[in-house]
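The values are calculated or read from the model by the stated rules, or taken from the named source; none is laboratory data. Note that the structure is predicted; figures quoted are calculated from it, not measured. Here the Cβ positions follow ideal geometry from the backbone for every residue, glycine too, while neighbour counts run over all protein chains shown.
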Amino acid sequence: MPKIYRYQKITDEYCTYIPRGEDITELCVLDGYTYISAPENGLSEEQPEQISIEPVVLTPEQIEQIKATSPHCRLIYQRMQEKIREKYCDEDEKYLTRIAVGSLTGWYTLQTGELEQIMAFQEFVEGVREWGRAERAKLGIC
């Protein structure tokens, strides 16, 4: 699993100093720090002396902030929605949610075949959510 690091970008009149290495993904900037995802084996030892890169153990709050601000995470969420919409339109989702909630609260009696529709929808959506979790795990965001 990738590791998460943070550093503060330093810019002089010639360049902006960033971490060196392969497969580094810049996730976002939070509180003045740039958070990156790097391969499990870490960063190369040759880093610009102008920046200080430190490993981070993310708090649940930081994970949520990164999910909300990272363009990579936003793209994963967008693709999840696209996958769901390929099979179920917004109206289908609202209908299935309404009848499921109505059934659970006792305000609605499921008709023939509706339980199977709800189950198929839920199974499909959980598969999409699992895909999204796996994509975020590739970035080190769980």
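Overview of results
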| read-out | value |
| --- | --- |
| Among (1) of a type in the set (Ser, Thr, Tyr); (2) at pLDDT 95 or above; (3) farther than 30 Å from residue 117 by Cβ - the single one residue 44 does not satisfy | (2) |
| Long-range neighbours under 6 Å by Cβ, at least six apart or interchain, first residue surrounded by fewer than 18 Cβ atoms within 10 Å (Cβ to Cβ) within the stretch 11-39, second outside any strand (DSSP E or B) and of a type in the set (Ser, Thr, Tyr) | 20/44; 21/44 |
| Matching entry among 94, 87 (being closer than 20 Å to residue 131 by Cβ and either without any contact (Cβ under 8 Å) to a residue 60 or more places away in the chain or not β-branched (Val, Ile, Thr) (or both)) | 87 |
| Residue in the stretch 1-10 that is surrounded by the fewest Cβ atoms within 10 Å (Cβ to Cβ), counting only those that are assigned to a loop (DSSP other than H, G, I, E, B) and within 22 Å of the chain's Cα centre (by Cα) | 1 |
| Selection status of residue 48, buried (at least 16 other Cβ atoms within 10 Å of the Cβ), in a loop (DSSP other than H, G, I, E, B) and not aliphatic (A, V, I, L, M) | no |
| Qualifying residue in the stretch 40-50 (condition: under 25 Å from the mean Cα position of the chain (by Cα) and under 30 Å from residue 14 (Cα atoms)) | yes |
| Residue satisfying condition, being more than 18 Å from residue 131 (Cβ to Cβ) and more than 22 Å from the chain's Cα centre (by Cα), within set 69, 16 | 16 |
| Residue, nearest to the chain's Cα centre (by Cα), within the stretch 72-114, restricted to residues that are outside any helix (DSSP H, G or I) and surrounded by 13 or more Cβ atoms within 10 Å (Cβ to Cβ) | 88 |
